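Take a look at the structure below.
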2 protein chains.
Amino acid sequence: MCGGTHSKAVLVSAEGHILAETDGPCTNHWLVGVDNCINGINDMVQRAKIKAGLDPDTPVCSLGMSLSGGEQKAAIQKLIDDMRERYPKLSQSYFITTDAIGAMATASDYGGIVVISGTGSNCKLVNPDGTQVGCGGWGHMMGDEGSAYWISHMAIKMVFDARDNLVTSPHDINYVKKAMEEYFQVSDLMGMLPHLYRIFQKSYFAGFCRKLAEGGSAGDALCQHVFTEAGKALARHIVAVLPKVHQDLFSGELGLPVLCVGSVWRSWELMKSGFTQVLSEAQAHGYSHFQKYSLLTLRQSSALGGAKMGAQNAGASLPLDYSANVNVFFSHTFNQ
Amino acid sequence: MCGGTHSKAVLVSAEGHILAETDGPCTNHWLVGVDNCINGINDMVQRAKIKAGLDPDTPVCSLGMSLSGGEQKAAIQKLIDDMRERYPKLSQSYFITTDAIGAMATASDYGGIVVISGTGSNCKLVNPDGTQVGCGGWGHMMGDEGSAYWISHMAIKMVFDARDNLVTSPHDINYVKKAMEEYFQVSDLMGMLPHLYRIFQKSYFAGFCRKLAEGGSAGDALCQHVFTEAGKALARHIVAVLPKVHQDLFSGELGLPVLCVGSVWRSWELMKSGFTQVLSEAQAHGYSHFQKYSLLTLRQSSALGGAKMGAQNAGASLPLDYSANVNVFFSHTFNQ
């Protein structure tokens, strides 16, 4: 599983047991380029083989990858071709899907909605028949609403706009301004320009979100505000795919299952009011069969789902115990 | 005068006559780096000397530069030091100001508000006593509201959001979508990703704004919508600095003089309704001494103002005929 900031590899036996896990850096090929992406993946898998006591020169049966940015067919075929050529000892077969689909495959074989909010954001509906409908996932230049990048950007933009008298901040900006100056090691807004342009790194910029989460938890109203807005933004992704949700996905015990992936969900308490508000409004406006939803989180890396799909693609099936892979952390039933 | 896309050099005699003009590429050091910026400037000035029949090995008396991105003191001192060292035959003295201040110096020695909307956007109030108050000018990652980049981005974002069902477009997206596919030579939204990331070029991206202006003039409602929003955004920059405008700037014959710089102002007719609406609302909410404003455009390159300020800095004064340098293209008197 390869996100915008960190990546993870799991080596799984034919019986579905995890033999080894390794970590690596960002492997989004849009962000780091194809070469860095391939090298990073090879390095993680080879380390996993050694950790599991296997011969690193013997290819694994199947390498299933779930990559943020793994959407475009021509690009992923090129990734696979390059990997085969450059690292012939890596794997016998290859399969690439997106981080969202890898996560969903880890949680269920029946479908649901995945909402990713880490460095970036993305939402994918997977219906029971396997059909998919996406919303978002276009990166920080064209979306990433509700992501750590977006939250950091919104908070910092409010500091800029307040300084400019362009937009009045809804709350005092002093905590955010000080936290920004500390995190980015700058003394004024001018100092932010290199961080926005010359030395811009999306994952570093997005990392400021942690400071905002701390501020929100400590009671700062502006930090709380940006997380409430993030909750709304993420819920809007769900509302966007709602018209395409298959009837059966509403009717399980959990109601509509929403799989929440990524570090921003750790700040659920700060996002809750905005998130629930948007879903309640949507439900009230014409989704009478939408009675309940539950938010789930993974207890295993979504690399596991990627491995499962890779095995399937190679003609094998990995038995996964889905109930052991997820946690329900919030459920809501709408008032009728 | 050096904008985000094009740059211009004017060589001026001690009597204030323009001896030669030359053009060059973008010289914003934040965007192109210090080396490209310095090389670009040297090349333009040397060509101007030759064009004017002067010896290129003889330094000019003074090089006054108005640069987009010429705001940060440490950075501009470094630019000057590097220029002196690398090109000793370029000039005897150096002066750098921003594109906004260079434009204002071309139009008046009494002050006013400059609103730049080209590739990027920026607003600067210059009071009669020379004091300045800015709003915006932080670049496309943190602002540029109302600029060609921002207009292009807003229109394209509406196509993405409509595809995602994330936000309902206020008008039919088909013209914008087709224009986007033609301009960027893509067949779907995925194809836009390289233009947003790997091969992103701000000035090329912003150039799509021309297609939107054509669409707006031809009657497309979504194109008209984004320009109306741009008009509002630019007017909000003026509202932001309004509390700091010196009383005397309101009381001239033209009312508050607003100098409009940059290619987006060519689409004034499309922006007019949004622009006038925001200023009228602001005036109605407590600026009783704000009775009238006029929009001016330069008939000369704002490099002329940069040259004037450079000469001043070197102890000389360039006589400029301000009335010949500007055109009034719109005036509005508020109903009392």
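The values are calculated or read from the model by the stated rules, or taken from the named source; none is laboratory data. Please read all numbers here as calculations on a predicted model, not as lab measurements. Heads up, the Cβs are rebuilt from the backbone with ideal geometry, glycines too, and the neighbour counts pull from every protein chain shown.
If only residues of the range B:97-127 that are in contact with a Phe, Trp or Tyr (Cβ under 9 Å, 6 or more places away or on another chain), of a type in the set (Ser, Thr, Tyr) and buried (at least 24 other Cβ atoms within 10 Å of the Cβ) are counted, the one that is farthest from B:GLY231 (Cα to Cα) is B:THR106.
Is there a residue being assigned to a helix (DSSP H, G or I), more than 14 Å from chain B (Cβ to nearest Cβ) and surrounded by fewer than 24 Cβ atoms within 10 Å (Cβ to Cβ) anywhere in the range A:70-80? The answer is yes, given that some residue of the range A:70-80 is assigned to a helix (DSSP H, G or I), more than 14 Å from chain B (Cβ to nearest Cβ) and surrounded by fewer than 24 Cβ atoms within 10 Å (Cβ to Cβ). The numbered conditions (1) farther than 25 Å from A:HIS246 by Cα; (2) away from every other protein chain (no Cβ under 14 Å); (3) out of contact with any Asp or Glu (no Cβ under 6 Å at 6 or more places or on another chain) are all true for A:LYS89 except (3).
Of all residues in the range B:118-168, those being polar (S, T, N, Q) and within 12 Å of another protein chain (Cβ to nearest Cβ) number 5. On the stretch given as the range A:128-143, residues that are buried (at least 24 other Cβ atoms within 10 Å of the Cβ) and either without any contact (Cβ under 8 Å) to a residue 12 or more places away in the chain or within 10 Å of the chain's Cα centre (by Cα) (or both) total 1.
Among the residues of the range A:72-109, those identified as within 23 Å of A:ASN325 (Cβ to Cβ) and without any contact (Cβ under 8 Å) to a residue 40 or more places away in the chain are A:ILE96, A:THR98.
Evaluation of A:MET190 against the conditions (1) surrounded by fewer than 20 Cβ atoms within 10 Å (Cβ to Cβ); (2) away from chain B (no Cβ under 11 Å) shows that the sole unmet condition is (2). Test A:ALA240 against the stated conditions and say whether it is touching an Asp or Glu at 6+ places or on another chain (Cβ under 6 Å), in contact (Cβ under 8 Å) with a residue 24 or more places away in the chain and within 14 Å of another protein chain (Cβ to nearest Cβ). Yes; evaluated as a whole, the condition is true for this residue. Applying the condition of being modelled with pLDDT of 95 or more and either of a type in the set (Phe, Trp, Tyr) or surrounded by fewer than 20 Cβ atoms within 10 Å (Cβ to Cβ) (or both) to the range B:282-296 and asking which residue is nearest to the chain's Cα centre (by Cα) yields B:TYR293.
Of the residues that sit in the range B:297-318 and are of a type in the set (A, V, I, L, M, F, W, C) and within 19 Å of B:ASP23 (Cβ to Cβ), which one is surrounded by the fewest Cβ atoms within 10 Å (Cβ to Cβ)? Give the steps one after another, and end with the answer.
Let us first name the residues in the range B:297-318 that are of a type in the set (A, V, I, L, M, F, W, C), namely B:298, B:303-304, B:307, B:309, B:311, B:314, B:316, B:318.
In the following step, the residues that additionally are within 19 Å of B:ASP23 (Cβ to Cβ) were identified as B:298, B:303-304, B:307.
Values: B:LEU298: 20, B:ALA303: 29, B:LEU304: 27, B:ALA307: 30.
In this case the residue turns out to be B:LEU298.
Reported count of residues in the range A:161-202, each being in a helix (DSSP H, G or I) and either without any contact (Cβ under 8 Å) to a residue 12 or more places away in the chain or not basic (Lys, Arg) (or both), is 18.
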